[in-house]
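Encoded as structure tokens, the structure appears first; notes follow it.
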Amino acid sequence: MALISVLPAIVIWAFTEVSLRRAREAEVNELVIRQAQLVASEVDHIFDGIHSLLLAMDEAPAIRTFDMPACNTYLRSVHQKVPHVIAFVVLDVTGAVRCNDRGFFNADLRFSDRPYFRESIAKGDFSIGTYTPEFTEAGIGAYSVIPLSLPIWGADGKIIGVIAAAMDLRWLDNELKERVLPVGGSLTVADRNGIIISREPFPERFIGTRIPDRFSHYLTAQSPGSFRADSQDGTNRIFGYIPASASPAEGIYVSAGLATTVAFAAINEAAKRGFMLIAAALVLALSLSWLASRAFITKPFEIMTNAVRDWRRGNYQARIDLPQNAGELGILAKAFNDLMDDVAERQEALKASEERARLALEAGHMGTWWYDHRKRIGGWSSQAALLMGYPASHTTISAEEWKSLIHPEDAERVTAGIREAFLANGDYEDEYRVRRPDGRVRWISSKGQVSYDAQRKPVFFVGIFQDITERKQADDQQRFFLDELNHRVKNTLATVQSIAAQTLRASKSSAQFKDAFEGRLLALSKTHNLLTLTSWRDADLHDIAEQELAPYKREADERVVIDGPGVNLPPRYAINLGLVLHELVTNAAKYGALSVPTGRLELSWSVEQPEGQPTRLLRILWSESGGPPVEPPKRQGFGSRLIRRSIEGELDGTLTIDFAASGVSYGLSLPLP
């Protein structure tokens, strides 16, 4: 009733407020468009002044004849009188600097690619350039300018060059701020590419940056207009804009804005006063009604609701204590107190039972879940929510959300199992994977029971699930290790058998067989050791090379050089390359560069990606020098056959050998998996 009494005043106040704001918004839109036109005219006036100056300078004989000393002196004298122009420069038709006001330039440089240069030559008239962060034509460093240029005409009526003036953007920003920027206003001036050349406020943050994409369509609009938006500095403003095509200054975009807090300050103040008057009337009406009802209704109900609130927070000792003359409310309070005594007793027993169940579920990494088939909604315990990667408070979940958690490869089987449990005797048990919200995949063992009504229709589905990821991982790892061990033992025995047979066939005596066989087994063993350190996942090529050549390397001695990037080789590659390097080292120590003190050995490799090929190539170069003179062997021994079979047979690579007199070299090329 108190609200109804002030409702007419609220309606009138709201209607007046809306009308005033609409009228003021239309007025501000016209104001900011006029302000933008004023800024555009001021910019055009400044550019027109520089245009007139360039026209006058263009008539100077020193400029038309490219008389460098006289031209430099003339430009310097003009620059001293025009401080807002950072530099003047004269270029010929090739873009070479012929003179400037600083007298220092690089005659080898050409600037014919500058936009202002190309435009002046093409139009044969005055050109307004674009934002330039560094005007190197004049030999100045990083300094934000906008170049304005005019073609230089020769005596024969042809363009012979361009004279350009680099206007200081900091001066332009200060000039516009002092002349046309109102209190609380903003302005933005940009070139035809959308690069800001003047900005107030915060010019240091925005000059040289591009107008954001959400405002870029105003740059190419067909006619002036207005809009309301949050500007780049975070202030909400109403903007008027002059697109580049409609600007007095050709190719220059201008926008002027007024902060909404300033534009609507008077209206906001009036609205505030009206609201305060209405609020005061409302407070008065409410105060009278409150005083009348407090003693008879509000206070007793407050006592009752406070007691209920305390009980819901866990204070089961809270009771409703009303005065003796509370009447019907007193009878209700007594009945409620009796109910709370009974509920509190049962709640304590239930709490103890739930605590025991919670501890048991936490210890077993388990959680409970339920699904109401009639309401089509389900949920789970807080322990279950944590196991599934949700906060403990996320205890309600829909069927669709639950299905989205099941791993796609298991979804069809799990859905079929649940459907079968509903149609059969209600027993349910399954193991499947879920994908938690954080992307981790976990294994779940789920068990449940469906309850039915008298018509054998499913009513409720309840159960538990347990995180069995660690058990599954242990089972998978055990199977993997057994398979891997079996595979590696077979491969190792086959390799040893092959080495023994080939070494025996190539040995002339048992002593020779013993030395060669033990050396090759030792090389195989070293490679196995490297693979064991990484659980037989891979081995680094540099480590394999180091262990084979370690006996021949000395500190501060470049007799043996190993160079190459880190390359992790799978077990099959590591074992074969370990045997190959062992054979190469053995040959070098017996007959090659490592057999004499002056010998030198270089082992290098690289990884390449051939164009158009899906696999990378590992290229290895073994190069010996400074050893005994080399002659091609008359027959191929087991070591050479082992090298060729390992590279070309086992690893599908290629092998090239060069028996140069200065030292043998081996080139190996292997496709990496």
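The values are calculated or read from the model by the stated rules, or taken from the named source; none is laboratory data. The shown structure was predicted, so the numbers you read here are calculated from the model rather than taken from an experiment. Here Cβ is always computed from backbone atoms with ideal geometry, including for glycine, and neighbour counts include all displayed protein chains. Calculation scope for accessible area: heavy atoms of the full protein, side chains included, ligands and nucleic acids excluded. Shrake-Rupley method; radii C 1.70, N 1.55, O 1.52, S 1.80 Å.
Can you tell me how many residues within region 589-598 are in contact with a helix residue (DSSP H, G or I) (Cβ under 6 Å, 6 or more places away or on another chain) and in contact (Cβ under 8 Å) with a residue 60 or more places away in the chain?
Here the count works out to 0.
Count, please, the residues in region 167-179 that happen to be open to solvent by less than 10 Å² (accessible area, probe 1.4 Å) and either in a helix (DSSP H, G or I) or not hydrophobic (A, V, I, L, M, F, W, C) (or both).
4
Applying the selection to region 562-599, what residues are surrounded by fewer than 19 Cβ atoms within 10 Å (Cβ to Cβ), over 22 Å from residue 552 (Cβ atoms) and modelled with pLDDT under 85?
572
In region 234-266, what residues are of a type outside the set (Gly, Ala, Ser), within 21 Å of residue 217 (Cβ to Cβ) and without any contact (Cβ under 8 Å) to a residue 40 or more places away in the chain?
If the condition is that a residue be of a type outside the set (Gly, Ala, Ser), within 21 Å of residue 217 (Cβ to Cβ) and without any contact (Cβ under 8 Å) to a residue 40 or more places away in the chain, then 236, 243 are the ones that fit.
Could you please give the count of residues in region 145-158 that are over 20 Å from residue 41 (Cα atoms) and open to solvent by less than 40 Å² (accessible area, probe 1.4 Å)?
4
Before we move on, is residue 293 assigned to a helix (DSSP H, G or I), farther than 30 Å from residue 468 by Cα and at pLDDT 75 or above?
Judged against the criteria, residue 293 is not a match.
Take residue 109 and tell me if it is over 30 Å from residue 180 (Cα atoms), among the hydrophobic types (A, V, I, L, M, F, W, C) and touching a helix residue (DSSP H, G or I) at 6+ places or on another chain (Cβ under 7 Å).
no
When you look at residue 11, is it open to solvent by 10 Å² or more (accessible area, probe 1.4 Å), β-branched (Val, Ile, Thr) and free of Cβ contacts under 8 Å to residues at least 12 places away in the same chain, yes or no?
Yes.
Counting only residues that are open to solvent by 80 Å² or more (accessible area, probe 1.4 Å) and either assigned to a strand (DSSP E or B) or aromatic (Phe, Trp, Tyr) (or both), how many does region 435-458 have?
Qualifying residue count for the region: 2.
Mind checking which residues of region 58-67 are assigned to a loop (DSSP other than H, G, I, E, B), without any contact (Cβ under 8 Å) to a residue 40 or more places away in the chain and of a type outside the set (D, E, K, R)?
Correct list: 60, 65.
Out of 271, 256, 249, I need the residue that is modelled with pLDDT of 80 or more and not charged (D, E, K, R). Which one?
Of 271, 256, 249, the one residue that is modelled with pLDDT of 80 or more and not charged (D, E, K, R) is 256.
This table checks each residue for (1) assigned to a helix (DSSP H, G or I); (2) within 30 Å of residue 153 (Cβ to Cβ); (3) basic (Lys, Arg); (4) out of contact with any Pro (no Cβ under 9 Å at 6 or more places or on another chain).
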{"position": "15", "(1), (2), (3), (4)": "yes, no, no, yes"}
{"position": "25", "(1), (2), (3), (4)": "yes, no, no, yes"}
{"position": "50", "(1), (2), (3), (4)": "yes, yes, no, yes"}
{"position": "56", "(1), (2), (3), (4)": "yes, yes, no, yes"}
{"position": "69", "(1), (2), (3), (4)": "yes, yes, no, yes"}
{"position": "72", "(1), (2), (3), (4)": "yes, yes, no, yes"}
{"position": "76", "(1), (2), (3), (4)": "yes, yes, yes, yes"}
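Spot the failing condition for residue 631; the list is (1) in contact (Cβ under 8 Å) with a residue 60 or more places away in the chain; (2) of a type in the set (D, E, K, R); (3) over 26 Å from residue 569 (Cα atoms), and only one is missed.
The one condition residue 631 does not meet is (1).
Residue 420 is checked against (1) touching a residue at least 12 places away in the same chain (Cβ under 8 Å); (2) acidic (Asp, Glu); (3) in contact with a strand residue (DSSP E or B) (Cβ under 9 Å, 6 or more places away or on another chain) and fails just one. What number does that condition carry?
(1)
Against the condition of a type in the set (A, V, I, L, M) and farther than 16 Å from residue 164 by Cα, how does residue 62 come out, does it pass?
no
Out of region 641-661, which residues are part of a loop (DSSP other than H, G, I, E, B) and open to solvent by 80 Å² or more (accessible area, probe 1.4 Å)?
652 - this is the single residue of region 641-661 that is part of a loop (DSSP other than H, G, I, E, B) and open to solvent by 80 Å² or more (accessible area, probe 1.4 Å).
Among the residues of region 194-204, what is the count of those that are in contact with a strand residue (DSSP E or B) (Cβ under 8 Å, 6 or more places away or on another chain) and either among the charged types (D, E, K, R) or open to solvent by 20 Å² or more (accessible area, probe 1.4 Å) (or both)?
Total meeting the criteria: 4.
Please go through region 377-407 and give me each residue that is open to solvent by 30 Å² or more (accessible area, probe 1.4 Å) and polar (S, T, N, Q), ordered by number.
Within region 377-407, 382, 393, 395, 396, 398, 404 qualify.
Quick one: residue 164 ticks every box in (1) modelled with pLDDT of 85 or more; (2) of a type outside the set (Ser, Thr, Tyr); (3) closer than 20 Å to residue 37 by Cβ bar one, so which box is it?
Status for residue 164: all satisfied but (3).
Tell me which of these residue 610 doesn't satisfy, since it passes every other one: (1) farther than 13 Å from residue 548 by Cα; (2) touching a residue at least 12 places away in the same chain (Cβ under 8 Å).
(2)
Look through region 213-227, keep the residues that are closer than 19 Å to residue 32 by Cβ and out of contact with any Gly (no Cβ under 9 Å at 6 or more places or on another chain), and return whichever of them is most open to solvent (accessible area, probe 1.4 Å).
Within region 213-227, the match that is most open to solvent (accessible area, probe 1.4 Å) is 222.
Taking the condition of being touching a helix residue (DSSP H, G or I) at 6+ places or on another chain (Cβ under 7 Å), of a type in the set (A, V, I, L, M, F, W, C) and touching a residue at least 60 places away in the same chain (Cβ under 8 Å), how many residues in region 128-171 meet it?
So the answer is 11.
Read through the list (1) open to solvent by 30 Å² or more (accessible area, probe 1.4 Å); (2) in contact (Cβ under 8 Å) with a residue 60 or more places away in the chain, then give the number of the only condition that residue 190 fails.
(1)
Just to be sure I understand, how many residues within region 419-434 are assigned to a strand (DSSP E or B) and open to solvent by 40 Å² or more (accessible area, probe 1.4 Å)?
Residues that pass the stated criteria total 4.
Pairs under 8 Å by beta carbon, first residue touching a residue at least 60 places away in the same chain (Cβ under 8 Å) in region 199-218, partner open to solvent by less than 50 Å² (accessible area, probe 1.4 Å) and in a helix (DSSP H, G or I), six or more apart or different chains?
Close Cβ pairs (under 8 Å, with a partner that is open to solvent by less than 50 Å² (accessible area, probe 1.4 Å) and in a helix (DSSP H, G or I)) amount to 207/169; 207/173.
Consider region 42-84. How many of its residues are more than 17 Å from residue 147 (Cα to Cα), polar (S, T, N, Q) and exposed (fewer than 14 other Cβ atoms within 10 Å of the Cβ)?
Number of matching residues: 2.
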